[in-house]
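Here's the structure we're looking at; comments come further down.
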Protein chains: 2
Amino acid sequence: MSIAPYASLPCSRCVARESTLCASLADDDMHRLYGLATGQRFEAGGLLLRQEGPADHVFSLRSGHANVFRLTADGKRQILAFLFPGDFVGFTSEDNYHYGVAAITPVEACRFERTRLELLIEEFPRMDRKLRFTLTRAMDASFELLFTLGRKDALQKVASFLWYISYRQRKLGQPDNPVHLPMRRADIADFMGLTVETVSRALSLLKQMKAIRLRSAYEVEIVDTDRLRSLAIIVAEPAPWLHEDPDYYPHKD
Amino acid sequence: MSIAPYASLPCSRCVARESTLCASLADDDMHRLYGLATGQRFEAGGLLLRQEGPADHVFSLRSGHANVFRLTADGKRQILAFLFPGDFVGFTSEDNYHYGVAAITPVEACRFERTRLELLIEEFPRMDRKLRFTLTRAMDASFELLFTLGRKDALQKVASFLWYISYRQRKLGQPDNPVHLPMRRADIADFMGLTVETVSRALSLLKQMKAIRLRSAYEVEIVDTDRLRSLAIIVAEPAPWLHEDPDYYPHKD
DNA sequence: CCGCCCCATTGATGCATATCAATCCTTCCG
DNA sequence: CGGAAGGATTGATATGCATCAATGGGGCGG
């Protein structure tokens, strides 16, 4: 066989290898995906995807952080997601992206042409499954955020945000306690449906409550984990539907 | 062949045949999916899925309407989605559902055991693709809702809601103009992150603006389509990134 | 057909967060 | 090292929506 041995591919040492797109292929087939990839580098502020632009590419993040956002003519912005190394972005059912993606720190990413990627998926149907699982996780996360936006107050929102970033760090194999924020206050505000001032005040309040300590504006130490969690995680109804008519949910036939 | 001919299956006359799960199989294989289905009927208020219950089933709606919700111990509720005939629900990446699903009108649905369904999908990988597409659409819708919750005011939220229901009716081949609301005000409120009173006030205001007319509490006639749309649809930045450094988005290599 | 009950509507008030405005702090560059 | 600029914080005020409270109306059962 004259194909490149897996170990010689950059993919074999890439953080994203274990996640999403790239994890959907076996080592021996990896060169096929690598063949479609265009490596790209973005400065902070650089645009990976243009809102309203043709939806013809997909990105996989190798390093750095980005945000997915929606911007309106009257200057309102909603950040829909933060992207970490290993995340991918760009699949949509529309012809044009209804969101943009911007780097918030320097970013390295692999870009794939959607049409060519779809052909590869056609060839390796396993990729479909992996993508389905990832999208299912994304939906779960999205539901979580919907609840946060719809039903939490400012303090709970900011606590949830810190809790989330801490969680993302842990998932990347990093320590979860000093929380490092790659984004500025305006990004946090636009993610949580708040204003910069409110985010700042909530952080000050958390500090005053001795739940956190601010080493710098971008470095948060969680001091009182229980306190922060109880603000971030609103527990579900503990004994739901106890009096519900069992006929309504015939769990077994 | 001794298998049931497609035309003899109820599926051949089911509204859900053309959507999601059921559309992912060819006529000739349909009996396989049908074999896994348990037909179920729910009264208004009945529970299809129990929040925090084991995530072992998936539902496909044949008729009626349902909502997907998250309920907390302190009585807050966020409705995450409304379900219409043809929709499916129940895929999650968690072991337990982090949401419940309740019928808001009488519902007929097909229930599938997840493990058995996954085995069938294994056998027909095409289903994976179809599910991926559907989940991608769900993500797009979810992004839309995130923007609405994070950045629209009460009037815009309610206008968006009416616009959305109107759209759903059209997609089901029904007229989109007299908007029929199967849910009560509390459901609308919990969907849009508002209270019942605010929803009611917003509807009254829309009425006063002559954008809509209320034939009854559950029957809304759209009178001024442009007015309603301009409230519901916040236009995207028209000429985005015009001054952006082109190096940031090297669209062509 | 009446009356009750649930839900929607409308009104009055309070509060959380947005908005407007003024420092403060950090970083970067001369 | 000094000064400017962008971002964060803090303060003062305004406002939109929640909350509390009362009234209205439609549907269902007696």
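Readers should treat all values here as calculations from the given coordinates under stated rules, not as data from a laboratory. Here the structure is a predicted model, which means the values were calculated and not measured. Because the Cβ atoms are built from the backbone with ideal geometry, glycine has one as well, and the counts that use them run over all protein chains shown.
With label points set 7 Å from Cα along Cα→Cβ, the inter-copy distances at A:VAL196 are 4.1 nm, sorted shortest first.
With the label put 7 angstrom out from Cα along the Cα-to-Cβ vector, A:SER216 ends up 6.4 nm from the copy partners, going from closest to farthest.
Rounded to the nearest 20, the Cβ-based charge dipole of the protein assembly as shown about its Cα centre (Lys and Arg +1, Asp and Glu -1) stands at 1060 debye.
The residues A:CYS14, B:CYS22, when put in order of fewest to most other Cβ atoms within 10 Å, stand as A:CYS14, B:CYS22. Relative to the longest principal axis of the Cα atoms of chain A, the long axis of helix A:126-151 makes an angle of roughly 20 degrees. Note on the stretch B:6-141: with charges restricted to the Cβ of Lys and Arg (+1) and Asp and Glu (-1), its dipole about the Cα centre is near 320 debye.
For chain A, the relative contact order comes to 17 percent (Cα pairs under 8 Å, sequence separation of at least 6).
For the options B:ASP28, B:ASP87, B:ASP190, a Gaussian network treatment of chain B with springs between C-alpha atoms closer than 10 Å singles out B:ASP28 as fluctuating the most. Against the main long axis of the alpha-carbon atoms of chain B, helix B:196-208 sits at an angle near 60°. Over the C-alpha trace of chain A, radius of gyration and Dmax come out as 20.7, 67 angstrom.
The eigenvalues of the Cα gyration tensor, multiplied by 5 and square-rooted, give the stretch A:6-146 an equivalent ellipsoid with semi-axes of 25, 17, 14 Å from largest to smallest. Rounded to whole Å, the principal axis extents of the Cα atoms in the stretch B:152-232 read 31, 24, 23, largest first.
Highest GNM mean-square fluctuation among B:VAL235, B:VAL89, B:VAL107, for chain B modelled with Cα contacts below 10 Å: B:VAL235.
Report, in whole Å, the centroid distance computed from the Cα atoms of the stretch A:206-238 and the stretch B:86-100. Comparing the Cα centres of the stretch A:206-238 and the stretch B:86-100, I get a distance of 29 Å.
With neighbour counts taken as other beta-carbon atoms within 10 Å, the residues A:LYS130, A:LYS76, B:LYS171 rank, fewest first, as B:LYS171, A:LYS76, A:LYS130. What you get for the stretch A:152-232, charging only the Cβ of Lys and Arg (+1) and of Asp and Glu (-1), is a dipole of about 100 debye around the Cα centre. Taking chain B as a Gaussian network of alpha-carbon nodes connected by springs under 10 Å, the highest mean-square fluctuation of the residues B:GLU144, B:GLU237, B:GLU43 belongs to B:GLU237. Set the bar at 31 Å for Cα to Cα. Now go through A:LYS152/B:LYS130; A:LYS76/B:LYS130; A:LYS152/A:LYS210; A:LYS130/B:LYS171; A:LYS171/B:LYS152; A:LYS130/A:LYS207 and name every pair that lies beyond it. Exceeds cut-off: A:LYS152/B:LYS130; A:LYS76/B:LYS130; A:LYS171/B:LYS152; A:LYS130/A:LYS207. Here the alpha carbons of the protein assembly as shown define both size measures, Rg and Dmax, at 23.6, 75 Å. Placing a label point 7 Å from the Cα of A:ASP176 along the Cα-to-Cβ direction, the distances to the matching points in the other copies come to 4.4 nm, shortest first.
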